[in-house]
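Values quoted throughout were computed directly from the atomic coordinates according to the rules given, and no laboratory measurement underlies them. All values derive from a computational prediction rather than experimental measurement. Here Cβ is always computed from backbone atoms with ideal geometry, including for glycine, and neighbour counts include all displayed protein chains.
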Number of protein chains: 2
Amino acid sequence: MSAVVAEKTTTLREGAFGNATNLACRECGHQVELGPFYACPECFGPLEVAYEFGEVTREQIEAGPANIWRYKALLPVPTDIEQSPNTEPGYTRLLRAHNLGAELGIANLWVKDDSTNPTNSFKDRVVACALSAARELGAKVFACPSTGNLANAVAAAGARAGIKTVVFIPSNLEHPKQVNSAVFTESLVAVNGNYDDVNKLASEIAGEEEGWAFVNVNVRPFYAEGSKTLGYEIAEQLGWRLPDQIVIPVASGSQLTKVHKAFQELIKLGLVEDKPYRVFGAQAAGCSPVSVAYKAGVDAIRPVKPDTIAKSLAIGNPADGIYVLDICRETGGAVEDVTDDEVRDGIVLLARTEGIFTETAGGTTVAVLKKLVETGQLDTDLETVVINTGHGLKTLDAVSGKVGPAATIEPTYAAFAATGLA
Amino acid sequence: MSAVVAEKTTTLREGAFGNATNLACRECGHQVELGPFYACPECFGPLEVAYEFGEVTREQIEAGPANIWRYKALLPVPTDIEQSPNTEPGYTRLLRAHNLGAELGIANLWVKDDSTNPTNSFKDRVVACALSAARELGAKVFACPSTGNLANAVAAAGARAGIKTVVFIPSNLEHPKQVNSAVFTESLVAVNGNYDDVNKLASEIAGEEEGWAFVNVNVRPFYAEGSKTLGYEIAEQLGWRLPDQIVIPVASGSQLTKVHKAFQELIKLGLVEDKPYRVFGAQAAGCSPVSVAYKAGVDAIRPVKPDTIAKSLAIGNPADGIYVLDICRETGGAVEDVTDDEVRDGIVLLARTEGIFTETAGGTTVAVLKKLVETGQLDTDLETVVINTGHGLKTLDAVSGKVGPAATIEPTYAAFAATGLA
């Protein structure tokens with residue numbers, strides 16, 4: 001497969017990737033130049049962006065915009081990134097969760113709520129970084145395979161940037177999710193097959209076509225860095241402090257590893273005090289290869305065929321699963337999983353306590369938080385953050401059978417009084 | 001009807017309403033004390049919050065949080081408002097709309113995007129202010145009649161604040177909108193009847209029950225002030241400058257009057273330079289009583305029976321309609337209306353150009369913007385802001401017949417190549 005996005009003649013402009021210096025293999029450390037590469041030419045391990053940051057201060061960051069570009073010095077983007085049209089995601093709410101904390105018996109709990117991003121999931125963060133890379137690499141098409149959130153984010157960001165988007169989805173995807181992407185792009189392609197088939201086709205096209213930036217394939221190293229901003233924001237919004245514990249959903253595992261990377265960078269840069277923190281991963285029982293490996297005490301992840309309502313977490317062979325295991329074990333955290341019924345309960349619990357309507361992935365994370373408390377794996381006296389990655393309006397069916405009107409009445413006061421709701 | 005929310009014994013604490021001094025009748029100027037009053041006892045005109053601001057500086061505001069409470073000195077809320085659990089709405093994106101501007105021939109266009117608020121509409125702003133009033137007045141129930149956005153916002157804010165909510169909706173409301181409220185509250189009440197019936201019932205209950213704060217009935221003066229924050233944010237995000245022209249959707253008309261009030265306050269406080277600006281109102285043809293009056297050159301608004309897909313704008317007898325007429329005429333703006341087909345086109349146009357998925361109200365506003373240009377009513381050389389008040393995921397049906405996959409293919413490169421999308 002060709003890893004080239006742009007034609008060879010494209011020359012990178014000075015500072016195209018900011019403080020990033022090269023790509024480095026996570027397995028063997030081999031370094032390659034910055035470009036549309038994602039697999040190590042030596043060992044096929046995943047490539048990751050490496051940096052030389054220089055000095056970065058709290059004041060610099062605080063003077064930046066109320067979106068992810070306040071952290072531009074820590075991302076593989078140019079210093080003038082705010083000038084290029086993008087969806088301006090991030091700097092979402094970090095809410096003190098008194099009610100949910102009281103319900104679960106956690107003294108000091110926060111919810112980082114990414115459902116209020118431009119297309120209502122954390123994917124806007126990673127896509128914004130991928131868009132910058134695509135632009136700097138001279139890509140002519142911005143593309144992805146997806147079953148939902150990523151499709152929305154890519155189609156919207158491409159529209160705003162004025163770059164052609166082509167978005168691939170399984171043809172049996174729910175109609176609302178199709179609309180939520182098709183409204184942004186005239187090139188939504190439905191593929192007869194499951195997500196794996198769509199993914200495979202995307203890799204094939206990435207190899208055949210010149211100038212296509214598939215956000216989660218050939219510009220993945222840049223894309224993935226966007227998740228670090230969740231970690232930066234949590235630390236800054238806590239008053240430049242790391243939490244004691246954090247619970248993060250695990251699909252590919254990339255988000256969890258990047259939040260950890262962000263915390264480590266902040267420590268190294270002296271932006272927060274060095275302290276121990278515990279990282280917990282959340283999966284749905286119907287797709288829990290990392291949780292299964294964690295509980296079995298093994299290092300190898302055995303791929304599964306997903307069967308859960310938490311479709312945005314339904315990656316049966318998670319690329320970063322082994323790194324999730326490492327981080328959760330090293331930090332004294334854990335990986336846990338919950339049933340689909342617990343996921344539904346988690347959605348309603350978060351809504352009723354904190355007024356946040358999360359999608360099934362968030363329901364999974366909240367339900368795992370609950371289970372971690374019940375099983376004594378989480379210390380309820382420590383400051384804890386739970387991440388909500390998406391919006392319940394996208395997975396409405398999950399709870400539409402669970403909640404509804406308490407009463408249906410005639411339009412009279414007498415009828416209302418008879419309900420007992422007064 | 002009783003206008004009392006709390007029992008008479010409730011005493012307001014010092015500073016309960018910040019810099020607000022009293023309520024004043026918009027018609028006759030009669031003043032009443034701050035409290036759960038909404039109609040002038042002299043002339044039945046609408047009561048509005050009046051203030052003595054003292055000094056308010058840009059620096060004070062800029063040092064505040066990235067939500068509406070940065071403007072707390074200009075709202076009827078206590079100085080410690082951030083400490084009370086609320087949804088922390090506002091400070092939403094103001095996006096430079098190069099693509100939409102190019103499409104419409106407007107040199108300098110911005111979109112203020114309120115679809116990324118906590119429950120995805122501007123209603124979170126007004127509800128946050130109503131919640132503060134309800135709390136200070138000692139209300140025991142937080143309630144509203146609604147067909148959608150307001151129900152979501154009230155139910156979510158009440159859940160987070162830990163105050164009982166009772167939300168009234170027409171029983172024939174679409175199932176997704178019911179779910180999006182019921183997920184937050186166990187007291188969703190479906191009423192057999194149309195929105196007018198629900199509204200009437202709400203007023204009846206407000207009169208019968210002690211301690212109920214109906215956000216858009218008996219605490220309406222406080223509630224409505226929340227819309228001013230849209231105006232404050234636009235000015236601050238433009239770099240403490242007023243735009244030359246602004247296009248605002250008109251339902252009750254309250255939002256438009258409050259944005260104008262906000263601009264006037266900023267001028268008086270010396271926070272922005274005094275300059276002329278033109279205010280434009282947007283309605284759907286199927287519910288355009290204000291636009292009809294504007295075009296006829298009359299002052300009186302003749303109520304209509306709404307028939308439009310823009311349901312969140314479907315108020316046939318808009319309370320603030322006459323003030324909208326005044327403001328649009330005095331500032332050299334206009335009120336315009338568009339058909340449901342134009343509304344649908346407006347939704348797709350905004351999505352394809354700026355990556356924002358708006359609801360039918362936003363589709364109306366964008367379509368009116370287009371029509372104002374085509375009819376020469378808007379000066380395309382002047383800096384213009386258009387407000388998007390809500391999210392397309394809530395009115396998916398409006399465009400689900402208009403957009404969809406460009407092709408459905410087998411999962412092979414050959415099949416993709418044959419589509420011509422490469």
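Odds and ends about this structure:
- Annotation: peptides B:212-225, A:380-393, B:122-135, ranked by per-residue average of other Cβ atoms within 10 Å with the highest first, follow the order B:122-135, B:212-225, A:380-393.
- Counting Lys and Arg as +1 and Asp and Glu as -1 over every other residue whose Cβ lies under 13 Å from the Cβ of B:Ala319, the net charge comes to 0.
- Residue exposure proxy: B:Thr358, B:Thr257, A:Thr11, ordered by other Cβ atoms within 10 angstrom of their Cβ from fewest to most, comes out as A:Thr11, B:Thr257, B:Thr358.
- Listed from fewest to most Cβ neighbours within 10 Å, the set B:Arg344, A:Arg58, A:Arg160 follows the order A:Arg58, B:Arg344, A:Arg160.
- Note on A:153-160: average number of Cβ atoms from other chains within 10 Å of each residue's Cβ is 4.
- Lysine pair count for the stretch A:162-261 [Cα-Cα under 23 Å; pairs on different chains or 8 or more apart]: 5
- Gaussian network model of chain A, Cα within-10 Å springs - most flexible of A:Glu48, A:Glu136, A:Glu209: A:Glu209
- A:Glu42 label point (Cα plus 7 Å toward Cβ) to equivalent points in the other copies: 8.5 nm, shortest first.
- Antiparallel DSSP beta bridges within the protein assembly as shown, as percent of all bridges there, nearest 5: 30
- For A:Asp196, the point set 7 Å out from Cα toward Cβ sits 5.9 nm from its twins in the other copies, listed from shortest up.
- For residues of B:408-418, the mean tally of beta carbons on other chains within 10 Å: 6
- Among B:269-282, B:80-93, the peptide with the highest mean count of other Cβ atoms within 10 Å heads the list, and the full ranking is B:80-93, B:269-282.
- Most mobile of A:Gln283, A:Gln255, A:Gln178 in a GNM of chain A (Cα contacts under 10 Å): A:Gln178
- Of A:Lys305, A:Lys72, A:Lys140, the sequence from fewest to most neighbouring Cβ atoms within 10 angstrom is A:Lys305, A:Lys140, A:Lys72.
- Position B:Glu410, label points 7 Å along Cα→Cβ, spacing to each other copy in nm (shortest first, one decimal): 6.3
- When only alpha carbons are used to place a centre, the stretch B:165-184 and the stretch B:228-271 end up 31 Å from one another.
- Taking every DSSP helix (H) stretch of at least 4 residues in chain A, weighting each as -39,500 (n - 2.57) and dividing the sum by the residue count yields a mean residue ellipticity at 222 nm of -10500 deg cm²/dmol.
- Average beta-carbon neighbours from other chains, 10 Å sphere, peptide A:172-185: 6
- Distance between the C-alpha centres of the stretch A:373-415 and the stretch B:66-123: 26 Å, rounded to the whole angstrom.
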